[in-house]
Amino acid sequence: MCNLSIKDELDSLRSGDLFLGSYLDAICDRIDEEEGTIHAFVSGQCDRETIRSRGESLLKKYPETDKRPSLFGLPIGIKDIYRVDGYETRCGSRLPPLLFEGKQASSVTRLLNAGAVLMGKTVTTEFASYMPGPTRNPHRLNHTPGGSSSGSAAGVASGFYPVALGSQTVGSVIRPASFCGVFGFKPSFGRIPTDGVIPLAPSLDHVGFFCRDVFGLSPVASVLMKDWNAELSSSFHGHSSLVIGIPEGPYLERVSDCGRQRFAENLRRLREGGFQILEISAFPDLDEMIDCNMKIMMKEMAVVHKLWYEAYGVSYGPKTADLINKGMLISDERHKELLGKKKENCQRLEDLMDQNGVDFWIAPSATGPAPEGLESTGDATMNLPWTHCGMPVISVPIEVGGEGLPQGIQLVGRIGCDESLVEFVKSVSEILA
């Protein structure tokens, strides 16, 4: 089944050429074989009989194949910071799940209403922050899968579901996508609503998702984004007139030698494929941007967690507690100043694109392949500027290196131009596949 693209799978499920019950059983067999090693799911939240029942309910609800919705039968995973009816929300923490009860996330509702089949909730780092969970990287079990959307990325890579919801406040979709060798999409800030998602830092939080292949991006995005404009996607006419910018300077200097080598090789392939690529000096004040972003995040974490932390502080992991404690020291006035600085950073980046005629940026999705060890989820520096500025980003997997670990290249578009970015990524993927 994984030999089919997500689009072809959906077409076959809707037509009945691929029987939903058999399809779900085959995926459950795979989960039974691999989940004990990967730990993509929150413990106890993936059950074969429940999944079978959901499939049967869908078949009864849509007996006529021509009336089946766009995502009919699509298995999905949901990161455990999303409220989902019938499931506890634990946020990768030891706090009582009762604290996080509330209305189901509208992003989840949209996927289910479009016919998706929920396979279970997936592991997140503690409160989508830095304390890792038990998830392992399917490519190398002793290397991190990335975070915070660890289970969602690893599950897609393992074949447990073709699509999974994640979230990104700094690099929690794009980096795990790179480490696990799948597609990751972090849309423009606000394009997908965050209601029903336990926040980390509301000024920075983005809903995003993972896909097994490039052909799943448009069908899923069009469901998650009410204002998705299919006409913008269909109006894309190739890449010959487009300009891709490489952000040279302090930013790319953070990339490992291995990462730079593979990035350069794929840039060569794109140039040979007819893409116009310009080297542009960018982010001279990278350290200041990182500091600004971190302080905004810590302050907003302290606000979000104030009552929970007062009541259950001893139940927080040390990394999360440290961030909250530091956030408590940041005044409301300082927070306001930092948000102003963030706005200035976004404007400067937009101006830089205008001055150089840049349509998209290209960069490594991470500083290198997934590092060894499970104590850290890796370095998010490659992701931070784009998230900080709310720009849409897609990570495209590139070939697995000699060390057996994948890497990704991220393509970045202008704010609000998510549709054009998706179409552009399709043309890039044809060359890098």
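Pairs, please: C-beta under 6 Å, at least 6 apart or cross-chain, first residue in the same structural domain as CYS91 (by TED's automatic domain parsing) and part of a helix (DSSP H, G or I) and in the range 292-318, second surrounded by fewer than 19 Cβ atoms within 10 Å (Cβ to Cβ) and of a type in the set (A, V, I, L, M)?
Listed by first residue and then by second, the contacts come to nothing, as the list is empty.
Of the conditions (1) crowded, with 20+ Cβ neighbours inside 10 Å; (2) in a loop (DSSP other than H, G, I, E, B); (3) among the charged types (D, E, K, R), ARG175 satisfies every one except a single condition; which number is it?
Just one mismatch for ARG175, condition (2).
For GLY115, all conditions in the list (1) without any contact (Cβ under 8 Å) to a residue 60 or more places away in the chain; (2) within 12 Å of the chain's Cα centre (by Cα) hold save one; what is the number of the exception?
All conditions are met except number (2).
Please specify each residue of the range 95-107 satisfying the condition of being in contact (Cβ under 8 Å) with a residue 24 or more places away in the chain and assigned to a loop (DSSP other than H, G, I, E, B).
LEU95, PRO96, GLY102, LYS103, GLN104, ALA105, listed by residue number.
For the range 1-94, list the helices (runs of 4 or more DSSP H) that sit wholly inside it and hold at least 2 residues that are within 18 Å of TYR161 (Cβ to Cβ), of a type in the set (Val, Ile, Thr) and in contact (Cβ under 8 Å) with a residue 24 or more places away in the chain; which are they?
Those helices (runs of 4 or more DSSP H) span 20-38.
Surrounded by fewer than 13 Cβ atoms within 10 Å (Cβ to Cβ) and not hydrophobic (A, V, I, L, M, F, W, C): which single residue out of ASP80, ASP17, ASP11 fits that description?
ASP17
Every residue, every condition in (1) among the polar types (S, T, N, Q); (2) more than 21 Å from MET297 (Cα to Cα); (3) buried (at least 21 other Cβ atoms within 10 Å of the Cβ), yes or no:
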{"position": "PRO364", "(1), (2), (3)": "no, yes, yes"}
{"position": "ALA370", "(1), (2), (3)": "no, yes, yes"}
{"position": "LEU374", "(1), (2), (3)": "no, yes, no"}
{"position": "ASP379", "(1), (2), (3)": "no, no, no"}
{"position": "SER395", "(1), (2), (3)": "yes, yes, yes"}
{"position": "VAL400", "(1), (2), (3)": "no, yes, no"}
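Go through the residues of the range 384-391 one by one and say whether even a single one is in a helix (DSSP H, G or I) and touching a Pro at 6+ places or on another chain (Cβ under 9 Å).
So far as the range 384-391 goes, yes, one or more of its residues are in a helix (DSSP H, G or I) and touching a Pro at 6+ places or on another chain (Cβ under 9 Å).
Among the residues of the range 385-417, how many are over 24 Å from ALA433 (Cα atoms) and acidic (Asp, Glu)?
So the answer is 0.
Across the range 348-390, what is the total count of residues that are closer than 17 Å to GLN168 by Cβ and out of contact with any Phe, Trp or Tyr (no Cβ under 8 Å at 6 or more places or on another chain)?
Residues that pass the stated criteria total 9.
Taking MET297, is it among the hydrophobic types (A, V, I, L, M, F, W, C), out of contact with any Asp or Glu (no Cβ under 9 Å at 6 or more places or on another chain) and at pLDDT 95 or above?
Considered against the rule, which asks whether it is among the hydrophobic types (A, V, I, L, M, F, W, C), out of contact with any Asp or Glu (no Cβ under 9 Å at 6 or more places or on another chain) and at pLDDT 95 or above, MET297 comes out as yes.
Just a yes or no: is a residue in the range 335-356 assigned to a loop (DSSP other than H, G, I, E, B) and surrounded by fewer than 23 Cβ atoms within 10 Å (Cβ to Cβ)?
Within the range 335-356 (the criterion being assigned to a loop (DSSP other than H, G, I, E, B) and surrounded by fewer than 23 Cβ atoms within 10 Å (Cβ to Cβ)), the answer is no, since none of the residues qualifies.
So, in the range 119-156, of the ones that are crowded, with 24+ Cβ neighbours inside 10 Å and aliphatic (A, V, I, L, M), which residue ends up farthest from MET297 (Cα to Cα)?
The extreme case among them is MET119.
Which condition from (1) of a type in the set (Lys, Arg); (2) farther than 16 Å from PRO397 by Cβ; (3) outside any helix (DSSP H, G or I) is the one that ARG110 breaks?
Looking at each condition in turn, ARG110 falls short on (3).
Search the range 350-371 for residues that are touching a residue at least 40 places away in the same chain (Cβ under 8 Å) and within 21 Å of VAL422 (Cβ to Cβ) and pair each with any residue that is of a type in the set (Gly, Ala, Ser) and assigned to a strand (DSSP E or B) when their beta-carbon atoms are under 6 Å apart and the residues are at least 6 apart or on different chains.
Within 6 Å, the pairs are VAL358/GLY245; TRP361/GLY245; SER365/SER395; SER365/GLY408.
The values are calculated or read from the model by the stated rules, or taken from the named source; none is laboratory data. This one's a predicted model, so the numbers in the text were calculated from it and none came from an experiment. FYI the Cβ positions are ideal-geometry reconstructions off the backbone, even for glycines, and counts take in every protein chain you see.
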